[in-house]
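Undergrad: Sharing a structure with you now.
The values are calculated or read from the model by the stated rules, or taken from the named source; none is laboratory data. If you're wondering where the values come from, they're calculated on a predicted model, not measured in any experiment. Here the Cβ positions follow ideal geometry from the backbone for every residue, glycine too, while neighbour counts run over all protein chains shown.
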Amino acid sequence: MDNYTWIKYLHIIFIFGFLLSHGVSVQVAFALKRERDLQKIRTLLSLSRAPYRLMIISLLASMLFGVIAGFQGHWWNSGWIWTSIVLLIVIFSVMYSFGTKTFAAARNALDHAKDQPGMDQELTSILDKSNPVLLSFVGFGGYAIIAWLMMFKSF
């Protein structure tokens, strides 16, 4: 087996690691949508942070091996690889705006819920505005399109 095949393999394996570790956050997002008990919310938000290190390491490793594969396969003049990169940036932007920022706002409201009356209403409002279906659609759909671009290299 040649070096390029190993690089592609590592790229895919680290994508699996990223998706597996990120699955916790997906499930937490759906659970938070319906949960209103402050202690359970606190536990769920804590759980969503648990795989963070593995998620980031897997993501960075998959990106590194993807870039290396791009050079080894001489793909940088192809439209599919640039489209994949743009799509990945769009996915990250949507996830940050509607996922990470929402969880951070919920954590902040939760931290102040005991100190200030009415903060639990703010927390409820934040959680009501969350949209785990949108996040799942963007994440799954985006990665499905990237996988299609990688496999079929149509342009």
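Undergrad: Could you tell me whether the range 58-75 includes any residue that is within 20 Å of R34 (Cβ to Cβ) and in contact with a helix residue (DSSP H, G or I) (Cβ under 9 Å, 6 or more places away or on another chain)?
TA: Within the range 58-75, none of the residues are within 20 Å of R34 (Cβ to Cβ) and in contact with a helix residue (DSSP H, G or I) (Cβ under 9 Å, 6 or more places away or on another chain).
Undergrad: Scanning for something in contact with a Lys or Arg (Cβ under 7 Å, 6 or more places away or on another chain), within 30 Å of N108 (Cβ to Cβ) and of a type in the set (A, V, I, L, M, F, W, C), does the range 40-49 turn up at least one residue?
TA: Yes, because at least one residue in the range 40-49 is in contact with a Lys or Arg (Cβ under 7 Å, 6 or more places away or on another chain), within 30 Å of N108 (Cβ to Cβ) and of a type in the set (A, V, I, L, M, F, W, C).
Undergrad: Can you name the number of the only condition in (1) part of a helix (DSSP H, G or I); (2) under 26 Å from D2 (Cβ atoms); (3) over 20 Å from the mean Cα position of the chain (by Cα) that F65 fails?
TA: Exception for F65: condition (3).
Undergrad: Might you let me know whether the range 47-56 holds any residue that is aliphatic (A, V, I, L, M), within 30 Å of D128 (Cα to Cα) and outside any helix (DSSP H, G or I)?
TA: yes
Undergrad: Also, I was wondering about something else. For the range 123-155, give me the residue count where each residue is under 14 Å from K33 (Cα atoms) and of a type in the set (D, E, K, R).
TA: So the count comes out to 2.
Undergrad: Identify all residues within the range 46-67 that are of a type outside the set (V, I, T) and surrounded by fewer than 14 Cβ atoms within 10 Å (Cβ to Cβ); write none if there are none.
TA: S46, A50, Y52, R53, L60 - these are the residues of the range 46-67 that are of a type outside the set (V, I, T) and surrounded by fewer than 14 Cβ atoms within 10 Å (Cβ to Cβ).
Undergrad: To continue, here is another question. What pairs come out if I take residues in the range 30-45 that are touching a residue at least 24 places away in the same chain (Cβ under 8 Å) and exposed (fewer than 14 other Cβ atoms within 10 Å of the Cβ) and pair them with residues that are among the polar types (S, T, N, Q) and part of a helix (DSSP H, G or I) whose C-beta lies under 7 Å away, six or more apart or interchain?
TA: R36/T124
Undergrad: Could you say which residue among S130, S93, S84, S136 is among the polar types (S, T, N, Q), under 17 Å from S25 (Cα atoms) and surrounded by 15 or more Cβ atoms within 10 Å (Cβ to Cβ)?
TA: Just one listed residue meets the conditions, S130.
Undergrad: Further, regarding this structure: Among A109, A61, which is touching a Leu at 6+ places or on another chain (Cβ under 9 Å), at pLDDT below 95 and of a type in the set (A, V, I, L, M, F, W, C)?
TA: A109
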